[in-house]
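Just below is one structure, and these are the notes that go with it.
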Amino acid sequence: MTSARPAQPAPPAHVAVIGGGRMGGGIAQSFATAGSTVTLVDDGARAAGLAVARVTESLERAGDRGLLPAPAGTIAARILPAASASELPADTTLVVEAVFEDAGLKAAVLTDAEKAVGPDTILASNTSSLSVTELAAALKEPGRFLGLHFFNPVPASTLVELVTAPATAPATLDRALDFVHALGKRDVVVKDSPGFASSRLGVTLGLEAIRMVEEGVATPEAIDDAMMLGYKHPMGPLRLTDVVGLDVRLAIAEYLHATLGERFAPPPLLREKVARGELGRKTGKGFYTWN
C-alpha cells in the first residue's frame with residue numbers, strides 16, 4: 001500500500017550510489033538536487049569521473065529547461081567520484097547499489113559497502129526483480145537493508161518501490177520512507193517476492209505484447225496506441241521495453257520464469273532481438289528505431 005507521511009523530511013546528508021549507469025546516475029542526480037552530498041562509485045577512477053560528467057551534463061540540460069531549484073553547477077558540485085565501495089566515508093547516511101542485475105555482483109558490492117560505512121548507514125539495492133531476502137543474507141546486519149526500486153528516468157519519475165525482506169527492521173523502512181519523501185517522490189511498500197509488484201506486472205504486459213507482435217496480431221505502434229488511448233498508459237508496453245532495454249527485460253523474464261513458472265517464459269522474438277544486439281533506445285533499435 002502507499003503510505004501517507006505528512007511532512008516532507010530533510011534529505012539524507014550523505015548518499016553513496018554504487019554504479020554510474022543510467023539508473024545510478026539518475027539516483028545520484030535526484031539526491032544531489034534535493035541537497036544531499038553524493039559519492040558516485042564506478043569501477044575505477046576513470047569510469048567514476050565519466051559517470052559524474054554524465055550527471056553534470058544531465059543537470060545542465062535540466063537547468064536549461066528550468067527544472068532545477070539551484071544552478072546546475074551548484075548541484076553538480078555536491079557529487080563526488082569514487083573508484084570503489086571501499087572508499088565510502090564511514091558517516092554515509094544511505095548507500096544505494098545500482099549495478100547490473102546480477103545477484104552475485106550485487107551481493108559482493110553490498111558486502112564491500114557494509115565494511116566501509118558505519119553501523120547506522122542504511123543499505124539498499126535498486127534491483128528491479130532479484131530477491132531482496134537473498135541479498136540481505138550476504139550482509140552481517142541484514143536489518144538495515146531493503147530494496148529501493150527507482151524508475152527510469154529517475155529525476156522525472158514519481159514512484160519508488162520499497163521492498164522489505166523478513167529481516168528488514170521497521171526503523172530501516174521508516175528512515176527509507178523519509179529519504180524517498182525528501183526527494184518529493186511517492187512510495188509503494190511491498191514484501192519481497194519475485195518481481196515485486198511493479199516488475200511482475202510490467203513484465204507480464206510487456207511479454208504478452210511481444211507475443212502479439214510475434215504472432216502478427218498487430219504492429220508495435222498499434223499495440224502501444226491501444227494501451228495509451230484505451231487504458232491511459234503514458235507509454236505503450238513495447239516502447240517502454242525499448243526504453244528499459246530488451247536485455248534488461250529478458251534478464252527479468254528469465255528470473256521470473258525460473259521462480260514463478262511458464263507464464264513468464266521469454267518469447268523467442270525477445271531472445272532473437274537481444275542476440276542481434278537490438279536492445280532498444282540505447283542501441284538505436286528495438287521494437288522502434290531511435291535517433
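Some observations on this one:
- Highest-fluctuation residue, 167, 156, 275 considered, GNM on the chain with Cα pairs under 10 Å: 275
- Packing order of peptides 38-47, 135-144, 238-247, highest average first: 238-247, 38-47, 135-144 (average count of other Cβ atoms within 10 Å over each peptide's residues).
- Solvent-accessible heavy-atom area per residue, rounded to whole Å², over the stretch 93-209 at 1.4 Å: 37
- Counted over the stretch 126-272 with a bin width of 10 Å, the fraction of Cα pairs per bin, in whole percents, is 11, 36, 33, 16, 4, 0.
- Expressed as a whole percent, the accessible surface of the chain that belongs to carbon and sulfur atoms is 57, based on a 1.4 Å probe.
- Anchor residue 185: aspartates and glutamates whose Cα lies under 20 Å away (excluding residues fewer than 8 positions away in-chain): 97, 161, 174
- Alpha-carbon centroids, the stretch 250-265 and the stretch 34-54: separation in whole Å: 33
- Computed over the chain, the alpha-carbon pair-distance distribution with 10 angstrom bins reads 7, 28, 34, 24, 7, 0, each value a whole percent.
- Stretching the chain fully between residue 174 and residue 60 yields a gain of 37.7 nm (0.36 nm per residue, less the alpha carbon separation).
- For the stretch 268-275, 3J(HN,Hα) computed residue by residue from phi via the Karplus equation (6.51, -1.76, 1.60; θ = phi - 60°) reads x, 4, 5, 4, 5, 5, 5, 4 Hz, glycine and proline entered as x.
- 18 Å Cα-Cα reach of residue 285 towards lysines, excluding residues that sit fewer than 8 places from it in its own chain: 273
- The chain: calculated mean residue ellipticity at 222 nm from DSSP helix runs of at least 4, using -39500 (n - 2.57): -14000 deg cm²/dmol
- Rolling a 1.4 angstrom probe over the protein heavy atoms with all chains in place gives the stretch 15-59 an accessible area of 32 Å² per residue.
- Using the average count of surrounding beta-carbon atoms within 10 Å as a protection proxy, the listed peptides 92-99, 113-120 rank, highest first, as 92-99, 113-120.
- Principal-axis analysis of the Cα atoms of the chain puts helix 22-34 at an angle of about 40° to the longest axis.
- The alpha-carbon of residue 140 sits under 29 angstrom from the alpha-carbons of these lysines, leaving out residues fewer than 8 places away in its chain: 106, 115, 191.
- Our summary of shape: the Cα atoms of the stretch 55-152 have principal axis extents of 44, 29, 22 Å, ordered from largest down, in whole angstrom.
- Computed extension gain for residue 225 through residue 67, at 0.36 nm per residue and net of the alpha carbon distance, reaches 54.0 nm.
- Maximal additional length on extending the residue 191-residue 204 stretch stands at 2.8 nm, based on 0.36 nm per residue less the C-alpha distance.
- Expressed to the nearest 5 percent, the antiparallel share of DSSP beta bridges inside the chain is 20 percent.
The values are calculated or read from the model by the stated rules, or taken from the named source; none is laboratory data. Remember, predicted model here, so these are calculated numbers, not experimental data. Every residue, glycine among them, receives a Cβ derived from its backbone with ideal geometry; neighbour counts consider all protein chains shown. Quick note on the areas: whole protein, heavy atoms, side chains included, nothing else; ligands and nucleic acids left out. Shrake-Rupley method; radii C 1.70, N 1.55, O 1.52, S 1.80 Å.
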